[in-house]
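Written below as structure tokens is the structure these notes are about.
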Amino acid sequence: MSRMEPPPIASWMLEHCIPGRRDQALAGDLEEAFQTGRTNGWYWRQSLAAVAVGWMKYLGDRTALIVFALLWSMLAPAWTAIVERIQNRDVAWPASVAAWLVLNLVFIWTGMLAFAGMHRKTVFAVHARKLKRAFAVAAAVFLPTYFATYVLANLFVWPGIGVEWRLLQPLGEIVDLGVRADVLRVPYLVTLLWSMWRLTPVLAVAPAVTVEWRSQGIDAAEREAEGTPEEMPLHDAAAAHRTALLLVTAGLVNALIAGVVMCQLPQNHHPTLGSLAMRAVRFVVIGSLAGWMGTYVYWHFPRHSIRNEPPLPFSLFALVCAVGWMWVPAMTLFFEQDSAFGAGVAMVAAFLLVWELRRILPALSPAEGEQTAPAERSLFAESLYRSPAEPYGFVIALCLYGAGWAIAEESNVMAGAMLALASTMFVVKATVSRRGRLRPRREFGRAGLRVAALALPAILVTFWALLDGVAHRNRLAEVNGVGLEGAASAGDHARPKKDEKSSAHSGSGYESVVLWPYPPKKEIVAPVQPAPLLAPGTKQPVVIRFNGEYWYLQPPDVRPGPLAHRATGTPLDVHIASANSLPIMMQAHQYLRSPIAVARCREIRVEVENRETEPGSIVLAVWLKKSSAKEGAAVYLGEQPIPGAGAGNGAGTLVFAIPAATKVRAFDEISVMMLPDSGHQRVGPRVAIEQFEVVPR
Amino acid sequence: MANRDYLGELELILLLAVNHLGDEAYGVPIARELEKLRGREVSVGSVYASLERLEGKGLVVSSLGDPTPERGGKAKRYFRITEEGLHQVQETRRVLTRLWQTLPDPRLERL
């Protein structure tokens, strides 16, 4: 390569890898500088930086669209759940698919209209035609994108993402960040981005903003005449608003974390009222201190200008915010019990917090100009008056209705968020803030009094939450059949570990077992006596009552591993379902006290009890194993369908012949595996092994 | 509340450089000027990105020149500061000067 030519790959990158329309000036500049003696390394660095900057600018111009598309597609699973509920399943397939497509396009088009409405001055006015084209593109793109996502999801998540759509709650789906919900969001996200991508450069070249350095609009000469020094305020209303929001949110998040982590119910199942009261006091203090710490970190963050010139003392700000943070422990306790009171506490806390903040942050109040009374205009007052737009009233009403719906759907956290938003908006928009100069000393006293006055209700509510929480926990334990007698006397350390062990593994793909029955009385089973089988001439079969364990496992496991779930009850009384898309396999293992020679056995009869009510077939396979033999050494006896599966019609016997000559000479373990058909793979079969009969040869 | 936008450090230097270079204000001399002022290598791509942003705000305008052989037949893109850009620079200078006047003198503090 000649020194006079820049690196060709870097030149190619400059030409092809920078998105958007671009003239050749940049490439020409780099080439010109290269000719003046710059090195290849410099050219490479410049090229890579140009590509990176080009992409950042390209995506940065579309930040609003990307953020909006992400947020809107978050709602997609909820919309899908709604569509599944309202769609009529009796309609034939072409019409049903068309209806499904139209409903989904309505969702996407609504999102596009909402986005365009937010930027109506740039999109609607100038590029209404492009917006119509975007509608058509969305209609064309959505179905192929959805289909491609479906195929890819089925390829990578075998055997596909099975969902019971009718069981999904729309509100719960909004905050669902699982794989299934995220995969469902993909086609909506892609469609929104694809169809509206070309609209956004219009937003990027929005009219330039006039630079204004003098914010107050007061002439310097007037200031001099008044004898007041000229001020250059570092914070305007929007900056103060943002900073206050950040500080309060930081404190709130910290208080929430502390509430979840540190504010737990007492271990004792029957605590005294005094201990609960002390705990409530401690929790209120923890919530306030945690909020204080969270705000302190951000208040003293080096990048914040508020650190250099605070508009008010931090201690005053923290004291004011404490009236909201002190309610957080009670709120988290209620939410942990799935109680709707948590939403009410959240609303009260938000109301008090914002109410108090408005006293010390006048920047949060609406501008003066918005409250001009029409009566002041003496001339043409009637014709010039326009009633002010008040969209927040509708938002508050929507939040209240949404909160009611969320409570009805038992989505209390969502209800709490909506009620908090409604009360915040109500305080900000519908009340009058303090006017006049802030007097920190006076505000200190007032805030201290307010905190002291509100601490008692907060403690009482926390105390109530604790009382309710203990009662709720005890009630649950009683329903689950966990004895409380021992726990009451010995505290939580005496909680039966057996129950913990037998409960579902939260992270292993199993749902919790619903209402475990009382453990059956241990049946005294006569020890298996294999001796008669070994004796020549024995004709009587040996009956082995099944007293082993049931194991539930998922692929790729083929035998019980660390993620397998062991059930001590009988499958007839419990319901175990897969919480993910993988099928469940059930195995039953019966261990013998001493090995039996395979050559002495003619057949084995497996007596099962079937209470499966769902139609479909379940196949039962049997292996004989020697536990001391190497892995994989087993006699496979074959598989047979369980009689009466789907009819739930009781007992049946399956007979498996045992070959005389096998590699395994003796066995001391009988393994049984249930293999349900594809329709029942995600639910444990309700089939129990009653006993085995080993018939001598 | 009035909408505000403040000139950043790079934007201010760029406007000054474009003003200083006059008719010769295109990518290479502007980047060289910035390197001289800041004492470190400057990415020409980021210079263009900032200039385009300034153009979007109406503080500079650009026009394409004739292609030249030493640039591989690629045209230069000349930038020129607008009246609004000049006004913004003047305004920034005024504000900064006023702020600098309040800077304490370390020699006086020692006394």
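The values are calculated or read from the model by the stated rules, or taken from the named source; none is laboratory data. Source: prediction; values computed, not measured. Positions of Cβ are backbone-derived with ideal geometry, glycine not excepted, and every protein chain shown enters the neighbour counts.
Annotations
- Residue in region A:602-612 that is at pLDDT below 85, buried (at least 16 other Cβ atoms within 10 Å of the Cβ) and within 34 Å of the chain's Cα centre (by Cα) present: yes
- Contacts under 6 angstrom Cβ, first residue in region A:105-118 being at negative phi, partner of a type in the set (S, T, N, Q) and buried (at least 16 other Cβ atoms within 10 Å of the Cβ), 6 or more apart: A:I108/A:T191
- Selection count, region A:583-601, where residues are of a type in the set (S, T, Y) and either farther than 21 Å from A:G548 by Cα or modelled with pLDDT of 80 or more (or both): 1
- Failed condition for A:H16, given (1) closer than 25 Å to B:P67 by Cβ; (2) touching a Leu at 6+ places or on another chain (Cβ under 8 Å): (2)
- Pairs meeting the criteria (first residue in region B:27-50 and farther than 11 Å from B:I13 by Cα, second residue not aliphatic (A, V, I, L, M), beta carbons under 6 Å, at least 6 apart or on different chains) are B:G27/A:D29; B:V28/A:D29; B:V28/A:E32; B:V42/B:E35; B:V44/A:D29; B:V44/A:Q46; B:V44/B:G27; B:A49/A:K57.
- All positions within region A:36-55 that are facing another protein chain (nearest Cβ under 8 Å) and aliphatic (A, V, I, L, M): A:A49, A:A50, A:V51, A:A52, A:V53
- Selection count where residues are facing chain A (nearest Cβ under 7 Å) and closer than 18 Å to B:D23 by Cα, scope region B:45-55: 1
- The single residue among B:L103, B:L99, B:L37 that is facing chain A (nearest Cβ under 8 Å), exposed (fewer than 14 other Cβ atoms within 10 Å of the Cβ) and over 19 Å from A:A50 (Cα atoms) turns out to be B:L99.
- Residues in region A:53-98 that are hydroxyl-bearing (S, T, Y) and within 29 Å of the chain's Cα centre (by Cα): A:T63, A:S73, A:T80.
- For region B:56-96, filtered to residues that are surrounded by 14 or more Cβ atoms within 10 Å (Cβ to Cβ) and of a type in the set (D, E), the residue that is farthest from the other protein chains (Cβ to nearest Cβ) is B:E84.
- Residue in region A:6-22 that is facing another protein chain (nearest Cβ under 7 Å) and under 16 Å from B:S46 (Cα atoms) present: no
- If the condition is being surrounded by 13 or more Cβ atoms within 10 Å (Cβ to Cβ) and away from chain A (no Cβ under 13 Å), then region B:17-32 contributes B:A17, B:V18, B:N19, B:H20, B:L21.
- Just one of the listed residues (A:L26, A:L101) is more than 11 Å from chain B (Cβ to nearest Cβ), assigned to a helix (DSSP H, G or I) and modelled with pLDDT of 85 or more, namely A:L101.
- Conditions (1) within 9 Å of another protein chain (Cβ to nearest Cβ); (2) in a helix (DSSP H, G or I); (3) under 26 Å from A:R38 (Cβ atoms): number failed by B:E11: (1)
- Flag for A:L65 being away from every other protein chain (no Cβ under 14 Å), modelled with pLDDT of 90 or more and either in contact with a helix residue (DSSP H, G or I) (Cβ under 9 Å, 6 or more places away or on another chain) or surrounded by 17 or more Cβ atoms within 10 Å (Cβ to Cβ) (or both): no
- Subset of region A:262-287 [surrounded by 20 or more Cβ atoms within 10 Å (Cβ to Cβ), within 23 Å of A:V320 (Cβ to Cβ) and more than 27 Å from the chain's Cα centre (by Cα)]: A:A280, A:V284
- B:V42 being more than 7 Å from chain A (Cβ to nearest Cβ), at pLDDT 85 or above, closer than 28 Å to A:A33 by Cα and in a helix (DSSP H, G or I): no
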